[in-house]
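Right, one structure below, let's go through it.
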Amino acid sequence: YGYVTNSKVKFVMVVDSSNTALRDNEIRSMFRKLHNSYTDIMCNPFYNPGDRIHSRAFDNMVNSMMMQVC
């Protein structure tokens, strides 16, 4: 699955095709959560664009999303 923001940031999500429990609205919801968390990081005045993202909150959010899917 892919998602492109208005600012041309692209997110790609790869899921196991045997997991048929995922619906399009669930994938869309995950992309929204990911986009919101990414936006929060980009709005941080201490973040330098282009640097690697070092955020426990972002990592925890991504890990919780992955745990929901598994």
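The values are calculated or read from the model by the stated rules, or taken from the named source; none is laboratory data. All figures in this text were calculated on a predicted structure; none of them were measured in a lab. Every residue, glycine as well, gets a Cβ built from its backbone with ideal geometry; the counts of neighbours run over all protein chains shown. To get the accessible areas, we keep the full protein, side chains included, count just its heavy atoms, and leave off ligands, DNA and RNA. Shrake-Rupley method; radii C 1.70, N 1.55, O 1.52, S 1.80 Å.
Here are the numbers for the structure shown:
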quantity: Unique match (being surrounded by 11 or more Cβ atoms within 10 Å (Cβ to Cβ) and in contact with a Pro (Cβ under 8 Å, 6 or more places away or on another chain)) among MET42, MET13, MET30; calculated: MET42
quantity: Number of the condition not met by ASN6 [criteria: (1) surrounded by 10 or more Cβ atoms within 10 Å (Cβ to Cβ); (2) modelled with pLDDT of 85 or more]; calculated: (1)
quantity: Residues that are at pLDDT below 90 and either farther than 16 Å from PHE11 by Cβ or open to solvent by 70 Å² or more (accessible area, probe 1.4 Å) (or both), drawn from region 56-70; calculated: MET66, MET67, GLN68, CYS70
quantity: Per-region count, region 44-67, residues within 16 Å of the chain's Cα centre (by Cα) and either touching a residue at least 12 places away in the same chain (Cβ under 8 Å) or assigned to a loop (DSSP other than H, G, I, E, B) (or both); calculated: 9
quantity: Residue check for LEU22: of a type in the set (A, V, I, L, M, F, W, C), part of a helix (DSSP H, G or I) and either out of contact with any strand residue (DSSP E or B) (no Cβ under 7 Å at 6 or more places or on another chain) or at negative phi (or both); calculated: no
